[in-house]
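Participant: A single structure is presented below for examination.
Nothing in this text is a laboratory measurement; each read-out follows from the coordinates by a stated rule. These numbers come from a predicted model, not from an experiment. All Cβ positions, even for glycine, are placed from backbone atoms using ideal geometry, and neighbour counts span all protein chains on display.
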Amino acid sequence: MEDAELVDKLSALGHIYRLKIVTALTEGDKYLSEIAKEVGISRALANVHLKKLREAGLVKTRVLLLEDEARALRYYELNDFHIELSPEELKRRKK
C-alpha cells in the first residue's frame, strides 16, 4: 500500500462514527437506516461518513431493487482491507 493510500484509509478511520460504522459492517451488509440506528446518528450524517469510507475504498455499495414497492435499497458492505502500522513497517516505508 502506497503512503497516500494508507493516509486516506487512516484518515477515514480517524473518526469515532466511521470506526463504529466499519465495526457494524463486520456483522454483514446493512442499509443506511440500519447503520444510522446502530451507530446512533441521523441518516444524513451516516451518509456523509459512508461517503468518506467509500472514497477511501473501505466500503462499497450494492443496490437491491424492490419491484413490489418500486424503490431501491442501497446496501453497504466492507471491502476486504488490511492495515499494518508497526515500528517495523514505518522503518520499511522510510527507505
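Participant: With +1 on the Cβ of every Lys and Arg and -1 on the Cβ of every Asp and Glu, and nothing else charged, how large is the dipole of the chain about its Cα centre, in debye rounded to the nearest 20?
Facilitator: That gives the chain a dipole magnitude of about 420 debye.
Participant: Would you please give the FRET efficiency between ASP3 and GLU69, computed as 1/(1 + (r/R0)^6) with r the Cβ-Cβ distance and R0 = 35 Å, to the nearest 0.05?
Facilitator: Calculated transfer efficiency: 0.15.
Participant: Report the label-to-label distance for LEU45 and LEU10 in nanometres (one decimal), using points 7 Å from each Cα along the Cα→Cβ vector.
Facilitator: That separation, rounded to one decimal, is 2.6 nm.
Participant: Okay, moving on. Using all Cα-Cα distances in the chain, what percent lands in each 10 angstrom bin from 0 up to the longest?
Facilitator: Distribution as computed: 15, 43, 26, 12, 3, 1 percent.
Participant: Let me ask something additional. Which of the listed residues, GLY28, LEU13, PHE81, is farthest toward the dipole's positive end in the chain, when Lys, Arg count +1 and Asp, Glu count -1 at the beta-carbon?
Facilitator: LEU13
Participant: Let me ask something else about it. Cross-link partners among lysines for LYS52, C-alpha distance below 17 Å, same-chain residues fewer than 8 apart left out?
Facilitator: LYS9, LYS20, LYS30, LYS60
Participant: Can you give the FRET efficiency to the nearest 0.05 for ARG54 and ARG92, using r as the Cβ-Cβ distance and R₀ = 22 Å?
Facilitator: In this case the efficiency is close to 0.15.
Participant: Separation of region 2-61 and region 79-95 by C-alpha centroid, Å?
Facilitator: Rounded to whole Å, the Cα centres lie 21 Å apart.
Participant: Convert each backbone phi in region 72-82 into a coupling constant with the Karplus relation 6.51 cos²θ - 1.76 cosθ + 1.60 (shift: θ = phi - 60°), then list the ³J(HN,Hα) values in order as whole Hz, x for Gly and Pro.
Facilitator: 10, 10, 9, 9, 10, 9, 6, 7, 6, 8, 9
Participant: Could you run the Karplus curve 6.51 cos²θ - 1.76 cosθ + 1.60 with θ = phi - 60° over region 15-29 and give me ³J(HN,Hα) per residue in whole Hz, x for Gly and Pro?
Facilitator: 10, 4, 5, 5, 5, 5, 5, 4, 4, 4, 6, 5, 7, x, 4
Participant: What residue among ASP68, ASP80, ASP29 shows peak mean-square fluctuation when the chain is described by a Gaussian network model with Cα springs under 10 Å?
Facilitator: For the chain, modelled as a Gaussian network with Cα springs under 10 Å, the answer is ASP68.
Participant: Normalised by the number of residues in region 3-94, what is the relative contact order in percent for Cα pairs under 8 Å and 6+ residues apart?
Facilitator: 29 percent
Participant: Rank VAL22, VAL63, VAL39 by mean-square fluctuation in a GNM of the chain with C-alpha springs under 10 angstrom and give only the top-ranked residue.
Facilitator: VAL63
Participant: While we're looking at this one, here's another question. Given R₀ = 35 Å, FRET efficiency for ASP29-LEU85 by Cβ-Cβ distance, to 0.05?
Facilitator: 0.80
Participant: Considering amide H positions built from the backbone, and no H for Pro or chain starts, which residues 5 or more places from LYS30, or on another chain, come under 5 Å of its amide H?
Facilitator: It is TYR76, by chain and number.
Participant: If the elastic network links every pair of Cα atoms under 10 Å, which of ALA36, ALA72, ALA24 fluctuates the most in the Gaussian network model of the chain?
Facilitator: Ranking ALA36, ALA72, ALA24 by mean-square fluctuation puts ALA72 first.
Participant: Something else now. Between 0 and 90 degrees, rounded to the nearest ten: what's the tilt of helix 3-13 against the longest Cα principal axis of the chain?
Facilitator: Its long axis makes an angle of about 50 degrees.
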